[in-house]
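S.K.: Can you keep this structure in mind? I'll have questions shortly.
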Amino acid sequence: QVQLVESGGGLVQPGGSLRLSCAASGSIFGFYAMGWYRQAPGKQRELVAVIAGDVSATYADSVKGRFTISRDMIKNTVYLQMNSLKPEDTAVYYCNSNTAWGNVWGQGTQVTVSS
């Protein structure tokens, strides 16, 4: 029963901030790279940020300078700090990991940026 569970989504005004969390079950050593994806209505799911280990991170151009991915190896949790949010950031955000047990996706958490 390997799983990823996201939380922290919600409604926020443009320019606001949200922090998403993704809690992973099982041993932290079984989760390799972990990342955040998002999918807006009618659009393809896209990579937002990915982290290898606990320090090496890569971001999509659209979120560079605004989003920060981090990983707590003790809690086996990955975070996405989202600042300066824009309406175009509105999407369902999914946690993903390439694990020792296969590719695993979370159920997603809704982020809505609107006035």
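The values are calculated or read from the model by the stated rules, or taken from the named source; none is laboratory data. All values derive from a computational prediction rather than experimental measurement. Every residue, glycine among them, receives a Cβ derived from its backbone with ideal geometry; neighbour counts consider all protein chains shown. Just so you know, the surface numbers come from the protein's heavy atoms only, side chains and all, with ligands and any DNA or RNA stripped out. Shrake-Rupley method; radii C 1.70, N 1.55, O 1.52, S 1.80 Å.
S.K.: Can you tell me the convex hull volume per residue for the range 1-42, based on C-alpha atoms, in Å³ to the nearest whole number? Each step should come with its number before you reach the end.
M.R.: On the way: hull volume 5.0 nm³, N = 42.
Hull volume normalised by residue count: 119 Å³.
S.K.: At Asp54 and Gln81, where each label point lies 7 Å from the Cα along Cα→Cβ, what is the point-to-point distance in nanometres?
M.R.: Placing both labels 7 Å along Cα→Cβ, they lie 1.6 nm apart.
S.K.: Next up: Using the Cα centre of the chain as the reference point, and only Cβ charges (+1 on K/R, -1 on D/E), how large is the resulting charge dipole? Debye, rounded to the nearest 20. Walk me through the intermediate numbers first.
M.R.: Values: 9 positive and 7 negative charges, 17 e Å.
Dipole of the chain, to the nearest 20 debye: 80 debye.
S.K.: Measure off, as a whole percent, the carbon and sulfur share of the 1.4 Å-probe accessible area of the chain, all protein chains present. All intermediate terms of the calculation are to be shown ahead of the outcome.
M.R.: Details: 3010 of 6070 Å².
That share works out to 50 percent.
S.K.: To continue, here is another question. Compare the Cα positions of Gly42, Ala57, Gly26 along the charge dipole of the range 19-115 (+1 at Cβ of Lys, Arg; -1 at Cβ of Asp, Glu; about the Cα centre) and return the one farthest towards the positive end.
M.R.: So the residue we want is Gly42.
S.K.: Which of the lysines could a cross-linker bridge to Lys86, judged by Cα under 21 Å and excluding same-chain residues fewer than eight apart?
M.R.: Lys43, Lys64
S.K.: For labels at Ser62 and Ser7 in the simple 7 Å Cα→Cβ model, what's the distance in nm?
M.R.: 2.7
S.K.: Sticking with this one: Over all distinct Cα pairs, what is the inverse of the mean 1/r for the chain, reported as the Kirkwood hydrodynamic radius in Å? Walk me through the intermediate numbers first.
M.R.: On the way: mean 1/r = 0.0714 Å⁻¹.
Mean inverse Cα-Cα distance, inverted, gives 14.0 Å.
S.K.: Find out how many positive minus negative residues lie around Val92, taking Lys and Arg as positive, Asp and Glu as negative, among other residues whose Cβ is under 15 Å from that of Val92.
M.R.: Numbers: positive: Arg38, Lys43, Arg45; negative: Glu6, Glu46, Glu88, Asp89.
Local charge sum for Val92: -1.
S.K.: What fraction of the Cα pairs in the range 18-68, stated in percent, has a spacing above 14 angstrom?
M.R.: Working: 772 of 1275 pairs.
Percentage above 14 Å: 61.
S.K.: How much accessible area per residue does the range 27-92 have, counting only protein heavy atoms and a probe of 1.4 Å, in square angstrom?
M.R.: On the way: 3510 Å² over 66 residues.
Result: 53 Å² of accessible area for each residue.
S.K.: How do Leu47, Leu4 rank by accessible surface area computed with a 1.4 Å probe, from largest to smallest?
M.R.: Details: Leu47 75, Leu4 5 Å².
Result of the area sort, largest leading: Leu47, Leu4.
S.K.: Where in the range 11-45 are there trypsin sites (Lys or Arg not before Pro) that are in a DSSP coil and have at most 10 other Cβ atoms within 10 angstrom of their Cβ? Working shown, then result.
M.R.: Details: sites: Arg19, Arg38, Lys43, Arg45; in loops: Lys43, Arg45.
Passing sites in the range 11-45 are Lys43.
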